[in-house]
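One structure is given below, encoded as structure tokens.
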Amino acid sequence: MSRKAYDSDLTGYQREILKPFLEKRHVFGWGRPRRVNTREVVNAIFYLNKTGCQWRSLPHDFPSWPVVFYYFKRWRKQAYGDK
């Protein structure tokens, strides 16, 4: 990580717990390789949750807000099956 840590960032221990879920790929291995660090995406989502800021107001040291929002929607849909 090349940025200063926020209070809401994952610890190393928390990262190890979430690692199997964050690195999960399609069952047949389809799709392009990821170009974004999923740990930083999770850190951005936690930052949003803790501070209550808008998506477009994410600090610039996180991935861009559309990328973070894409993963948030995708993971929420996988967890809850909503649209």
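Where in the range 44-63 does the label zone of E16 land, with the point 7 angstrom along Cα→C-beta and an amide N cut-off under 16 Å?
What the label zone holds, given the 16 Å backbone N cut-off, is no residue at all.
Full-extension gain between R34 and F46, please, as 0.36 nm times their residue separation minus the C-alpha to C-alpha distance.
2.3 nm
Using the membrane-span-like helix rule (whole DSSP H runs, Cα extent along the own axis of at least 18 Å, mean Kyte-Doolittle hydropathy at least -0.5), which helices of the chain qualify? Intermediate values should be presented prior to the final figure.
On the way: long enough: 38-51 (20 Å, -0.02); 65-80 (22 Å, -0.74).
Taking the DSSP H segments of the chain (at least 18 Å long, mean hydropathy at least -0.5), we get 38-51.
Size of the dipole of the chain about the Cα centre, Lys and Arg at +1 and Asp and Glu at -1 on the beta carbon, nothing else charged, in debye to 20?
So the dipole magnitude of the chain works out to roughly 380 debye.
If you keep only loop residues by DSSP, which GluC sites (Glu not before Pro) in the range 5-83 have at most 15 other Cβ atoms within 10 Å of their Cβ? Numbers along the way, then the final one.
Details: sites: E16, E23, E40; in loops: E23.
Counting only loop positions with at most 15 other Cβ atoms within 10 Å, the GluC sites (Glu not before Pro) in the range 5-83 are E23.
Students often get this wrong, so try it: which of (1) 21, 16, 13; (2) 23, 17, 11; (3) 26, 13, 10 is semi-axes √(5λ) of the Cα gyration tensor in Å as calculated from the structure shown?
Only one option fits the structure, namely (1).
Less than 19 Å from a label point 7 Å out along the Cα-to-Cβ axis of Y80: which backbone N atoms in the range 20-44 qualify, by residue?
42-44
Each value in this text was obtained by applying a stated rule to the coordinates, not by laboratory testing. Keep in mind the model is a prediction, meaning the values are calculated, not measured. Note: ideal-geometry Cβ built from the backbone for every residue, glycine included; neighbour counts use all protein chains shown.
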